[in-house]
Amino acid sequence: MQSLSCSLSGRDVIGLAETGSGKTLAYTLPLAIWLKEEPPKKRGESPVALIVVPTRELMQQIFRDVNNLLNCICIDTHIAATQLPKLSGAIQYKAAAICGGVSAQAQIQEIEAGVDVIVATPGRLLDLCDRGALSLLGIKYFVLDEVDRMLGMGLEEQLRKVVALVTAESKPCQTLLFSATLPESLQRLARSAVVNPVEIQVGATQVTAPNIKHQVLFLHTYEKPRKILEILRQTEFPPVIVFASSIQAVDFLVRHLRKEQFHVAGLHSEKSQEYRFKLMTGFKNGKVDVLVATDLASRGLDIPEVTHVINYDIPDTIEDYIHRCGRTGRMSRHGLATSFLTLDCKIAAELRDLLEALEQPLPKELENVKNFGKNVVKTEFGDRSIS
């Protein structure tokens, strides 16, 4: 709500807000309104809007949201009067989804047929530009979403290349940057991407939503497989997301939970893109009760029905912890985030500060954070710090 008037006025915007606060709608709704003043693109014409996101799963979600909005647009009557004779077939705005892991040739053919909006991940986007299959010189509405996540993934150089391609010629272009946190690298990128921006910050950007309850449990590593079963059996309603910090841990948990008859599936980077898309669709449609995932699922994905997130492994940064927990408590609903705290936790001090700021229960082990983050020997009898 705070950003809509700025976006609709044509100003560049930097939007900072907690996860689940509606950032996607903050740029897709103005895009739909703005497009009504543009004639739909014909074969061979360049797109006019670009949305860049960090992961393929988030790209698929936003592409679906954009398509739903485009299907609702009634073309502006002035545009219809001036352009209708030049247009063949039905008047319709189109979007294209661009990411790796699927056929580049099919994406190229779709672009050549004429699209208005591109929703893309940075790698495949730059690949198509390098091939000469896509030009970004016609982009007038440019969105970078989940910027902190992309920078955290080491994509700053790729983002700078995309910005350079969009701004290669002196032309009007509205740029909107949206993020949940404000790392220093985002400020560097913003200096080259936006002009005289309106900066909008809603709420505290280094905390989770207040409607999420945090349950942090101190455990030895050997206790975690048993505890995950106990916690899941106490969860009244699926779906549940379980986060693990490695591909191996995801695969182990999937096998472990399947033995106990849970409807579970795993998501990580070694899964094929077709499988990943089908899995997310099945999870959203209720065909999978428990999704075990690496941080591929920690940003942006909007599944309001998720009432419980479990951090089987606590991540190495507090930003990732915040984003993982943000997969629940969407749209102001109540959510629960359960985290398994072990001695090798690298963010004990930040986690303690976060829980105190949110007035959430603090495990007594976190009262002395110096015990955490050291080299740990893990045995069947318990964990022990050795330095």
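The values are calculated or read from the model by the stated rules, or taken from the named source; none is laboratory data. Since the model is a prediction, treat every value here as computed from it, not as a measurement. Cβ placement follows ideal geometry from the backbone for every residue including glycine, while neighbour counts extend to all protein chains displayed. With ligands, DNA and RNA removed, areas are computed over all heavy atoms of the protein, side chains included. Shrake-Rupley method; radii C 1.70, N 1.55, O 1.52, S 1.80 Å.
In plain terms, the bigger the Kirkwood radius, the slower the diffusion; for the stretch 318-387, with that radius from Cα pairs, at 10 °C and 1.306 mPa s, Stokes-Einstein puts D at 117 µm²/s.
The charge dipole of the chain, taken about its Cα centre with unit charges on the Cβ of Lys, Arg, Asp and Glu (plus for the first two, minus for the last two), comes to roughly 640 debye.
Once you divide the Cα radius of gyration of the stretch 182-278 by 2.2 N^0.38 Å, the number left is 1.55. Computed over Cα pairs, the Kirkwood radius of the stretch 1-202 leads via Stokes-Einstein (1.306 mPa s, 10 °C) to a diffusion coefficient of 93 µm² per second.
Which of the peptides 47-54, 31-38, 305-312 is most tightly packed, and how do the rest follow, going by the mean number of other Cβ atoms within 10 Å of each residue?
Values: 47-54: 24.8, 31-38: 17.0, 305-312: 21.4.
Answer by packing, highest mean first, reads 47-54, 305-312, 31-38.
Multiplying the residue separation of Lys36 and Glu274 by 0.36 nm and subtracting their alpha-carbon distance yields 82.4 nm.
Of all the options Ser179, Ser21, Ser269, the one that moves most in a Gaussian network model of the chain with Cα springs shorter than 10 angstrom is Ser269. Across the chain, Cα pairs under 8 Å and at least six residues apart give a relative contact order of 19 percent. Under 17 Å of direct C-alpha separation, and excluding same-chain neighbours fewer than eight residues apart, Lys287 reaches these lysines: Lys278. Put +1 on the Cβ of every Lys and Arg and -1 on every Asp and Glu Cβ in the chain; which of Asn371, Pro238, Thr175 then has its Cα farthest towards the positive end of the dipole? Projecting each Cα onto the dipole axis, the largest value belongs to Pro238.
Rounded to two decimals, the Cα radius of gyration of the stretch 259-387 over 2.2 N^0.38 Å is 1.19.
Rounded to the nearest 0.05, what FRET efficiency is calculated for Val102 and Gln248 with R0 set to 30 Å and r the Cβ-Cβ distance?
Values: r = 26 Å, r/R0 = 0.86.
For Val102 and Gln248, the calculated efficiency is 0.70.
Report the extension gain between Leu358 and Lys346 in nm, rounded to one decimal, defined as 0.36 nm multiplied by the number of residues separating them, less their alpha carbon distance. List each step's numbers first, then the result.
Numbers: separation 12, 0.36 × 12 = 4.32 nm, distance 2.00 nm.
Fully extending the segment from Leu358 to Lys346 adds 2.3 nm.
Within the straight-line cut-off of under 20 Å between alpha carbons, the lysines reachable from Lys224 are Lys259, Lys346, Lys364, Lys374, Lys378, sequence neighbours fewer than 8 places apart in one chain being disregarded. By a 1.4 Å probe calculation restricted to protein chains, His263 has an accessible surface near 120 Å², given to the nearest 10. Calculated FRET efficiency, Lys171 to Glu110, Cβ-Cβ distance, R0 = 22 Å: about 0.35 to the nearest 0.05. Using a Gaussian network model of the chain in which every pair of alpha carbons under 10 angstrom is joined by a spring, one finds that among Pro361, Pro238, Pro315 the greatest mean-square fluctuation is at Pro361. Between Ser385 and Ile303, the simple label model (points 7 Å from Cα in the Cβ direction) yields a spacing of 3.6 nm.
Counting 0.36 nm for each residue step from Ser46 to Glu223 and taking away their Cα separation leaves a gain of 58.1 nm. Calculated FRET efficiency, Arg188 to Asp316, Cβ-Cβ distance, R0 = 25 Å: about 0.65 to the nearest 0.05.
Using only alpha carbon positions, build the gyration tensor of the chain, then give the equivalent ellipsoid semi-axes as the square roots of 5 times its eigenvalues, largest first, whole angstrom. Display every interim value, and only then the final one.
Details: eigenvalues 333, 98, 70 Å².
Equivalent ellipsoid semi-axes, largest first: 41, 22, 19 Å.
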